[in-house]
């Protein structure tokens, strides 16, 4: 069988970014592909509804039911990213692709930016045609929510997982004009100490659940709690949020 | 006049991200606001059609004509970002807001990420209600075009304007797992030298006009030319583009 025949008879994979949570922040392309897809795959944490699936819920109403492939992650931090779950998901996805059905993988935010899609991409790339549809990243959504210019002109920008250890964070906090800390969660107290130490805490804003109805924006200085939900971020600019004014 | 009265009688500003260029990468929210807006403002370079305006062109067909405020930037690098052009644009925008008309500012990519919207934001913030609608950034669009996972797990990520000088770039290239170089343009040759020096050129991909019909993706090693168009980017990962496989 020639490659062209393969392309025309197997299904395609679409890794589709959904944006930060507001169903209206889907792109037109994401909406079209999701509504047309016969099969949807998405990650979910054990015991709670899939956030990715919830973002598209309102867009599926009134449409014929689709085949859905939830990839349920065990809630044991040590086993994350649960390679076996992705192995199993990829096997199920392959069977649909081989039967000629396209599969849309729903991805919170953007698929290639700290996204779980990359684990499927790694398993399927080369064997099937894959199209990645970029989405609005939570970094940009947090900046929009906070009215916070991230970077301008010749600024350097860094995105840092707050899960890095103190020394790694200290080293990275230096010498960038703009910073975004992802995965703040239980690292919030530690992050406050490090930013105070670096003289940056007055130039930092905390954003929780950007674009969702319960979105919250607080100057980091004014934030009392020491733990944050998983969907939270701290944005910093060395000249503060008004740096371009 | 009480602030509430002001809010209800003046118009609102919407800084709307349009994404990287494909009109289908607008968000649903962007499309709704643009189609409803009585007034559109956008930046344009002298002598060429506005890229931002061209992205929404197909979405305005069949609608009533809108008031349009092009902010035309003189093509003299030394005067960029042409503060007088934004002063004048802001004055025109204010007159519509004071007359109760909403104004949508069209922003390529995302408004708060190296975007020209920030100059208007600085001029209008505090005086009028401003809503920022995040958009798909060119960073994510380039990664999607190249099938290039940007960062995963605990990776640190940096975005660097290629306009920085050699020493600044050298210092920043160290110690981040993922890198994106913006504004590559006439700095391409220099960037190749710096990445070869850092042992990273084999782990870099060049992307031009992501999401547009003339999009181009080339491994940086295989790229002959020494200058690139303005809308181009170089993505690097210290373990290469297959780092999550």
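Please treat every number below as a calculation from the coordinates, not as lab data. Because the structure is a prediction, the values reported are computed rather than measured. Here the Cβ is made from the backbone with ideal geometry for all residues, glycine too, and neighbour counts use every protein chain on show.
Structure notes:
- Taking every DSSP beta bridge that has both ends in segment B:3-136, the antiparallel portion is near 5%.
- Chain B - share of DSSP beta bridges that are antiparallel (%, nearest 5): 35 percent
- Evaluated at q = 0.08, 0.13, 0.14, 0.17 Å⁻¹: base-10 log I(q)/I(0), Debye formula over Cα of chain B: -0.36, -0.85, -0.95, -1.22
- Partner chain coverage, peptide B:56-63 - average Cβ within 10 angstrom: 0
- At q = 0.13, 0.18, 0.25, 0.26 Å⁻¹, base-10 log of I(q)/I(0) for segment B:20-84 (Debye sum, equal scatterers on each alpha carbon): -0.42, -0.73, -1.13, -1.17
- Remark: label point of residue B:9 defined 7 Å out from Cα along the Cα-Cβ vector; separations to the same position in other copies 7.3 nm, ascending.
- Antiparallel DSSP beta bridges within segment A:139-237, percent to nearest 5: 70 percent
- 14 Å reach of a label modelled at residue A:48, 7 Å along Cα-to-Cβ, counting backbone N of segment A:146-189: A:183-186
- Semi-axes of the equivalent ellipsoid of the protein assembly as shown are 33, 27, 25 Å, computed as sqrt(5λ) over the eigenvalues of the C-alpha gyration tensor in descending order.
- Compactness of segment B:3-136 - radius of gyration and Dmax, Cα, Å: 14.1, 43
- Across chain A, the mean sequence separation of Cα contacts (distance under 8 Å, 6 or more residues apart), normalised by length, yields a relative contact order of 21 percent.
- Highest-MSF residue in chain B out of B:97, B:223, B:63 [GNM, Cα springs under 10 Å]: B:63
- Shortest-first distances to equivalent copies, position residue A:32, nm, label 7 Å out along Cβ: 2.0
- Size descriptors for segment B:170-218, from the alpha-carbon set: Rg then Dmax equal 11.8, 36 Å.
- Added length on full extension, which subtracts the Cα-Cα distance from 0.36 nm per residue, residue A:170 to residue A:125: 12.6 nm
- Label distances, nm, residue B:131 versus same residue in remaining copies, Cβ-directed 7 Å point: 3.0
- Degrees between helix A:51-60 axis and first principal axis of chain A (Cα, 0 to 90, nearest 10): 60 degrees
- For segment B:57-200, the ratio of Cα radius of gyration to the globular rule of thumb 2.2 N^0.38 Å stands at 1.32.
- Structure-based [θ]222 nm, chain A - -39500 (n - 2.57) summed over DSSP H runs of at least 4, per residue, nearest 500: -9000 deg cm²/dmol
- Taking the square roots of 5 times each eigenvalue of the Cα gyration tensor of segment A:139-237, largest first, gives ellipsoid semi-axes of 18, 17, 12 Å.
- Max mean-square fluctuation residue, GNM over chain A, Cα-Cα springs under 10 Å, options A:100, A:15, A:126: A:126
- Between helix B:83-98 and chain B: long-axis angle, C-alpha atoms, 0 to 90°, nearest 10: 40 degrees
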